[in-house]
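Trainee: Could you have a look at this structure, given as structure tokens, before my questions?
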There are 2 protein chains.
Amino acid sequence: MPLYLDIHKNVEGARAQAVADAHMRDLQTQDQYRVKYLKYWLDEESGHIFCLVEAPSKEAAERVHREAHGLVADEIHEVREYS
Amino acid sequence: MPLYLDIHKNVEGARAQAVADAHMRDLQTQDQYRVKYLKYWLDEESGHIFCLVEAPSKEAAERVHREAHGLVADEIHEVREYS
């Protein structure tokens, strides 16, 4: 399954609890689209959020965000992970 | 230890092997600065690289990249990780 990293930039009110609530909605919405939001990283100072997600397509990942809470990412990158 | 996610944008020649070589140099350089590059994600198509790194400061993380291979990030965000 392709892996994507998306970036939400300068999100106003990106506090930990608000973002956790939005993420919970992603988890409740994703199964019907075979999408799996895996992790996210939050920079509260700048309001940047980075989501790591497995999805059949970029559009499927975006659709989950749109339906779950409407906050779609500014960028989405298909990536491979290395460590 | 603070956690950072950095972004290298539109890097020319960002092929998997070249990035793996640069990452190896980070690993060889990082200990003296108490920095730990943990993972990275590569979008070969756009040439974006995202590095996840534990470091005592943003400057320490950047210094490792600079000394190891000279390819410093365009942005670095202090983040918290959630899953």
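Trainee: Within segment A:62-83, track down each residue that is within 10 Å of the chain's Cα centre (by Cα) and within 14 Å of chain B (Cβ to nearest Cβ).
Mentor: Result: A:A73, A:I76.
Trainee: For A:L42, are the conditions met, namely being over 18 Å from A:R80 (Cβ atoms), within 11 Å of chain B (Cβ to nearest Cβ) and loosely packed, with under 15 Cβ neighbours inside 10 Å?
Mentor: Working: over 18 Å from A:R80 (Cβ atoms): yes; within 11 Å of chain B (Cβ to nearest Cβ): yes; loosely packed, with under 15 Cβ neighbours inside 10 Å: no.
For A:L42, the condition - over 18 Å from A:R80 (Cβ atoms), within 11 Å of chain B (Cβ to nearest Cβ) and loosely packed, with under 15 Cβ neighbours inside 10 Å - is not met.
Trainee: While we're here: Before we move on, is A:A18 small (G, A, S), surrounded by 16 or more Cβ atoms within 10 Å (Cβ to Cβ) and over 30 Å from B:V19 (Cα atoms)? I'd like the intermediate steps shown before the answer.
Mentor: Working: small (G, A, S): yes; surrounded by 16 or more Cβ atoms within 10 Å (Cβ to Cβ): no; over 30 Å from B:V19 (Cα atoms): yes.
In short, no.
Trainee: Let me ask something else about it. Hey, among B:R66, B:R25, which residue is of a type in the set (D, E, K, R), without any contact (Cβ under 8 Å) to a residue 12 or more places away in the chain and more than 25 Å from A:K39 (Cα to Cα)? Steps first, please.
Mentor: Values: B:R25 fails: without any contact (Cβ under 8 Å) to a residue 12 or more places away in the chain.
The match here is B:R66.
Trainee: Then there's this: Only residues that are open to solvent by less than 10 Å² (accessible area, probe 1.4 Å) and away from chain B (no Cβ under 11 Å): list them for segment A:45-61, please.
Mentor: A:V53, A:A55, A:A61, listed by residue number.
The rows are residues; the columns are (1) in a strand (DSSP E or B); (2) closer than 20 Å to A:H8 by Cβ.
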site: B:A14; (1), (2): no, no
site: B:A18; (1), (2): no, no
site: B:H23; (1), (2): no, no
site: B:D31; (1), (2): no, no
site: B:S46; (1), (2): no, yes
site: B:E59; (1), (2): no, no
site: B:L71; (1), (2): no, no
site: B:R80; (1), (2): yes, yes
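Trainee: Let me ask something additional. What is the residue count in segment B:69-83 for residues that are over 20 Å from A:E75 (Cα atoms) and buried (at least 19 other Cβ atoms within 10 Å of the Cβ)?
Mentor: 0
Trainee: Given the condition farther than 21 Å from B:H48 by Cα, within 14 Å of another protein chain (Cβ to nearest Cβ) and β-branched (V, I, T), answer yes or no: does some residue in segment A:17-36 qualify?
Mentor: yes
The values are calculated or read from the model by the stated rules, or taken from the named source; none is laboratory data. Bear in mind that the values here come from a model prediction, so they are computed numbers and not experimental data. In this analysis, Cβ positions are derived from the backbone assuming ideal geometry, glycine residues included, and neighbour counts consider all displayed protein chains. Please note that ligands, DNA and RNA were not included when accessible areas were found on the heavy atoms of the full protein model with its side chains. Shrake-Rupley method; radii C 1.70, N 1.55, O 1.52, S 1.80 Å.
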